[in-house]
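To keep things clear, I will list the structure first and then write my remarks on it.
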Amino acid sequence: MKTKRIFILNGHPGEKSLSRFLAETYAAAALDAGHLVRLCHIHDLEFDSDFGFGGYQQVKPLEPALEGVLEDIEWSEHIVLTTPMWWGGLPAKLKGLIDRAFLPGRTFDTHNTRFGLPAPLLEGRSARVIMTADTPGWFMRWVYKNAMLIQVRRQILGFVGIKPSRFSYFAGASHPKEGMVERWAERIKRIAVIAN
């Protein structure tokens, strides 16, 4: 098995959460398997999540926390994102991090296009998204058409070149049945060992 450099971002804004538990479970299992790991909790990051302007001409300087996240992404070979699904999308602070930090010249190149789209600058990295929700998996697929998964996979990660991206989707997160969180943790440990 090849050792990988793994950056784990817990995207839940709360100090304590299921997302944090799953991120820390992944980190511990990956370290035990010999991978190099950097773990970051968005709760601990101080930055203004408001993009603030209408375009990329007057970009706010990035706070040290956002620079640190970009450096960790650039260092990594594999990125793990743990996040809840709130109102069909990402938590506002996590979306704000993406809005602020995923900028032209750093994560994509507007001067060099492919099929009319900016060229991605973060190629050579894969991702695992660990998503928790209350929406049953069948409802997510058939009614919501996997909208959030498509957004994260194609319009965020794929846009900047991070692929393939794989998903682990855990439903019933607010009130999990007895033993369910432990079973989810065992799945995460197995995934962390192979880092895919």
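The values are calculated or read from the model by the stated rules, or taken from the named source; none is laboratory data. What you see is a predicted model, and the numbers here were worked out from it, not measured in a lab. Cβ coordinates were reconstructed from backbone atoms using ideal geometry, including for glycine residues, and neighbour counts include every protein chain displayed. Please note that ligands, DNA and RNA were not included when accessible areas were found on the heavy atoms of the full protein model with its side chains. Shrake-Rupley method; radii C 1.70, N 1.55, O 1.52, S 1.80 Å.
Some points to look at:
- Hey, Thr132 at negative phi, modelled with pLDDT under 95, in a strand (DSSP E or B) and of a type in the set (Val, Ile, Thr) or not: no
- Residues satisfying the stated conditions in the stretch 172-196, i.e. touching a Ser or Thr at 6+ places or on another chain (Cβ under 9 Å), closer than 17 Å to Arg5 by Cα and either open to solvent by 70 Å² or more (accessible area, probe 1.4 Å) or outside any helix (DSSP H, G or I) (or both): Lys189, Ala195, Asn196
- Among the residues making up the stretch 135-171, those that are closer than 16 Å to Gly11 by Cβ, open to solvent by 20 Å² or more (accessible area, probe 1.4 Å) and in a strand (DSSP E or B) are Phe167, Tyr169.
- Qualifying residue in the stretch 17-34 (condition: crowded, with 19+ Cβ neighbours inside 10 Å, of a type in the set (Phe, Trp, Tyr) and within 15 Å of the chain's Cα centre (by Cα)): yes
- If the condition is being among the small types (Gly, Ala, Ser), farther than 19 Å from Ala23 by Cβ and open to solvent by less than 50 Å² (accessible area, probe 1.4 Å), then the stretch 50-87 contributes Gly52, Gly55.
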